Amino acid sequence: MAARSIASLTISFGLVSIPVKLFSATEASKAISFNLLHKTCGSRLKQQYLCVKEEIPVAREEMVKGYEFTKDQYVMFTPEELKAMEEAGTHTADITEFVPVESVDPIYFDKAYYLGPDKGGAKPYALLSRALRESGRCALGRWAARGKQYIVMIRPIEKDGSDGLVMQQLLYAAEVRSINEIDIPKTEVKDAELKLAQQLIEQQASESFDPSAYKDEVHDRIEAAIQKKVEGQEITLAEAPEPGGQVIDLMEALRASLEKKPARKAEPARKAEPARTAGKKAAKK
């Protein structure tokens, strides 16, 4: 099934305009979510907001937003005032500079989108993609949407025979904590320890990252439990594994790791039957 675009925008590249379509690169729908129910009758629960002063439920039309500027002191804003402060949405991502791809720390990465050429944009799209790939650089710019202004990084991607562009939302500097806030004491590393650690790295090294080699075992376990519940089966709770003995000596731990055979990469997981299908089968019974 072909992906469905969620928006259209134009990439401003010097005096060149590239019309593109925006596609979500991730699928939040794959996550399993639970609803809160009344334990006695199994009915859905309705959320209520209570006034902490009067201890009464407050209807949505009686709510306003406020900012706490000091302890228990707020300034209130009307919806019109908040709307006026929002960034006007644009249909343009304005490129401001080009930097080496490796100069952008992945810690700044936020939501990712695939970009596809829109009508009349195939040639300039291909040009930007190839120019970025051959220069080893990515484009940085600004994009406004949903009342906010974002820093975006546009980078080339080659995957499964496709050659395209990814637009990555980036976090602002103020949104990323400094590693200097963490207390990391200066510690001496012995040459022998370093050599063993490097051997261990080489033993488990791969040429590239293969995401299909990793499986979300917790997701599969929850999905299987849901199917059993839908079919009226009881769930057997597994006992927690006993904690292994702690190895205190670093050299001993490194040597033991090297002697241990590396685990084989997991095969891509088979697609499990959706819970709703199990529900239909249960209903037929």
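The values are calculated or read from the model by the stated rules, or taken from the named source; none is laboratory data. Every value quoted in this text rests on a predicted model; they were computed, and no experiment measured them. FYI the Cβ positions are ideal-geometry reconstructions off the backbone, even for glycines, and counts take in every protein chain you see. Surface accessibility is based on the protein's heavy atoms, side chains included, excluding ligands, DNA and RNA. Shrake-Rupley method; radii C 1.70, N 1.55, O 1.52, S 1.80 Å.
Odds and ends about this structure:
- In this structure, Ala272 does satisfy being modelled with pLDDT under 85, among the small types (Gly, Ala, Ser), open to solvent by less than 100 Å² (accessible area, probe 1.4 Å) and not in a helix (DSSP H, G or I).
- Pair list, Cβ < 8 Å and 6+ apart or interchain, from region 222-244 residues that are modelled with pLDDT of 70 or more to residues that are open to solvent by 100 Å² or more (accessible area, probe 1.4 Å) and not in a loop (DSSP other than H, G, I, E, B): Glu231/Lys281; Ile235/Lys229
- Pairs where the first residue, in region 115-132, is touching a residue at least 24 places away in the same chain (Cβ under 8 Å) and the second is part of a helix (DSSP H, G or I) and surrounded by 15 or more Cβ atoms within 10 Å (Cβ to Cβ), C-beta under 6 Å, 6+ apart: Pro117/Tyr125
- Checked against the criterion of being within 21 Å of the chain's Cα centre (by Cα), modelled with pLDDT of 85 or more and of a type in the set (A, V, I, L, M), region 192-213 contains one or more residues that satisfy it.
- Of everything listed in (1) open to solvent by 30 Å² or more (accessible area, probe 1.4 Å); (2) polar (S, T, N, Q); (3) touching a residue at least 40 places away in the same chain (Cβ under 8 Å); (4) closer than 17 Å to Ala25 by Cβ, the single unmet condition for Gln169 is (1).
- Selection of first residues in region 29-58 that are closer than 17 Å to Ile226 by Cβ and of second residues that are of a type in the set (Gly, Ala, Ser) and open to solvent by less than 90 Å² (accessible area, probe 1.4 Å), restricted to Cβ pairs under 8 Å at least 6 apart or on distinct chains, gives the following pairs, ordered by first then second residue: Leu37/Ser43.
- One residue from Glu207, Glu193 being over 21 Å from Leu15 (Cα atoms), among the charged types (D, E, K, R) and not in a helix (DSSP H, G or I): Glu207
- Subset of region 172-201 [surrounded by fewer than 10 Cβ atoms within 10 Å (Cβ to Cβ) and basic (Lys, Arg)]: Arg177, Lys186
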